[in-house]
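Values quoted throughout were computed directly from the atomic coordinates according to the rules given, and no laboratory measurement underlies them. Here the structure is a predicted model, which means the values were calculated and not measured.
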Amino acid sequence: MIDKNFPDLILTNARIYTQDAHYPMAEAVAISKNRITAVGNASEILTMALPEIRVINLEDRLLLPSFTDSHFHYYDWAVNWDSIDLAFVSSFAEMKEVVSSKAGRMKKGKSF
């Protein structure tokens, strides 16, 4: 079992852009329960590596911080909730099939 004070994942041998003006680049990052717990040079971070901790060598790849912005546009959804999504249609025949299928499910006199 991994001690709660140790990470469960270490990413090393990377070019990590930290977005911290005082420490803009790093080589390794320690992650515990999906949260970054330490950033630094590889030798510092690797001292946290127990045998059961997963260590991934990023082979000098660039690692950038990112966030998932989970939001929803209610107005756009409400206006378009019953529209036809043709984003994955790859031919005219397939488009006709999708439109025909949708039309067959519509109430008489209703448009889409």
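Computed values, structure above
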quantity: Square roots of 5 times each gyration tensor eigenvalue, C-alpha, the chain, largest first, Å; calculated: 50, 16, 16
quantity: Beta bridges by DSSP in the stretch 9-63, antiparallel share as percent, to the nearest 5; calculated: 60 percent
quantity: C-alpha long axis of helix 92-105 to longest principal axis of the chain, angle in °; calculated: 70 degrees
quantity: Anchor Lys107: aspartates and glutamates whose Cα lies under 20 Å away (excluding residues fewer than 8 positions away in-chain); calculated: Asp82, Asp85, Glu97
quantity: Per-residue HN-Hα couplings for the stretch 62-73 [Karplus 6.51, -1.76, 1.60; θ = phi - 60°; Hz; x = Gly/Pro]; calculated: 7, 10, 10, x, 8, 9, 9, 8, 9, 9, 9, 9
